[in-house]
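Notes for the one structure printed next.
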C-alpha cells in the first residue's frame with residue numbers, strides 16, 4: 001500500500017493505494033500544534049478503521065502547503081512504519097513542462113492536481129480547486145502547466161464579511177441558496193458569496209477557453225465543491241480524488 005497525503009491549510013487528506021486502486025480516503029483537520037507522535041496515532045487509527053495493517057504500507061508521498069507540518073507528517077509516517085517517503089517539490093519527476101515565470105514557486109497542491117488531470121482527462125484542462133483559497137490552473141494539450149489564478153476561498157470571504165463588519169453575522173453554507181435575490185441578511189450573504197463564487201468560476205472558465213483558443217476539459221476538486229459546484233452553469237467534472245490520484249501517479253513516476 002502507498003499512502004498519499006495532502007496537507008492543506010484547513011484539512012489533511014490521507015488516501016491508501018494498492019495496484020492502482022484507491023482503497024480509502026480520510027479527511028482530518030489541519031492542526032499545527034499536533035506533534036509527529038499525535039499524527040502517527042491518527043494515521044494508525046485510520047488504518048485500523050479501514051481494517052488495514054500498518055505492515056501493508058510500502059511507501060508514501062506527501063504534498064504540503066503548510067511547511068511547518070511537512071516534516072511532522074513525514075516523521076509520523078515513519079513512526080507508523082519506516083518506509084521511503086517522497087515529497088512533492090523541486091526535483092520530482094512530473095511529466096509536465098512547467099511554463100510559469102518561476103517553476104520553483106509552483107505549489108505542491110497545484111502540481112499534484114495538474115498531474116492528476118494530465119493522467120485522467122483529455123487536454124487541455126482547466127482545474128478548479130475549491131479549498132481555503134480558490135485556485136484555477138491550466139494544463140495545455142502539450143502537457144505544459146501554463147499558470148492560473150488564486151483568489152480568496154468561500155470561507156475566507158464569509159469570515160471577512162463577519163469579522164470586518166459590525167452587523168453581519170457568521171453563517172454556514174449547509175443550506176442551499178434559496179434565490180439569487182436575498183430578502184434577509186443571511187440569504188443575501190449566501191447569495192453573494194456562493195453565487196458570486198459560482199459566477200466567477202463560470203466567467204474565468206470562459207476567459208481561459210478564449211485565451212487557449214479552444215475547448216478544454218474542466219475539472220473541480222477541493223473541500224468546498226459541494227457548496228459551489230451545483231450553482232455553476234458551465235460543464236464541470238467533479239473529481240474529489242484528483243489531487244490524491246495525482247500524488248499516486250507522481251509516486252509511480254519517481255519509484256518505477
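FYI, it's all coordinate maths here, none of it is from the lab. Everything numeric in this text was worked out from a predicted model, so none of it was measured. Every residue, glycine among them, receives a Cβ derived from its backbone with ideal geometry; neighbour counts consider all protein chains shown.
For the reader, a short list of remarks on this structure follows.
- Rg over Rh [alpha-carbon atoms, Kirkwood Rh] for segment 97-243: 1.01
- q = 0.11, 0.18 Å⁻¹, segment 2-87: log10 I(q)/I(0) [Debye, one scatterer per Cα]: -0.24, -0.68
- Three-way shape label, the chain, alpha-carbon gyration tensor, a/c 1.5: oblate
- Protection proxy ranking, peptides 73-82, 43-52, average beta carbon neighbours within 10 Å, highest first: 73-82, 43-52
- Entry note, the chain: relative contact order of 19 percent, from Cα contacts under 8 Å with a spacing of 6+ residues.
- Share, in percent, of DSSP beta bridges within the chain that are antiparallel, nearest 5: 60 percent
- The order of the peptides 218-228, 173-183, 198-208 by mean Cβ neighbours within 10 Å, most packed first, is 218-228, 198-208, 173-183.
- With the largest listed first and rounded to whole Å, the semi-axes of the equivalent ellipsoid of segment 171-256 from the Cα gyration tensor are 31, 18, 8.
- The distance separating the Cα centre of segment 91-167 from that of segment 193-256 comes to 9 Å.
- Under the shape rule built on the C-alpha gyration tensor, where the axes satisfy a ≥ b ≥ c, segment 193-240 is oblate, since a/c reaches at least 1.5 while a/b does not exceed b/c.
- Burial ranking of peptide ranges 166-172, 186-192 (average Cβ count within 10 Å, highest at the top): 186-192, 166-172
- Largest GNM mean-square fluctuation among 70, 29, 112, using the chain with Cα springs under 10 Å: 29.
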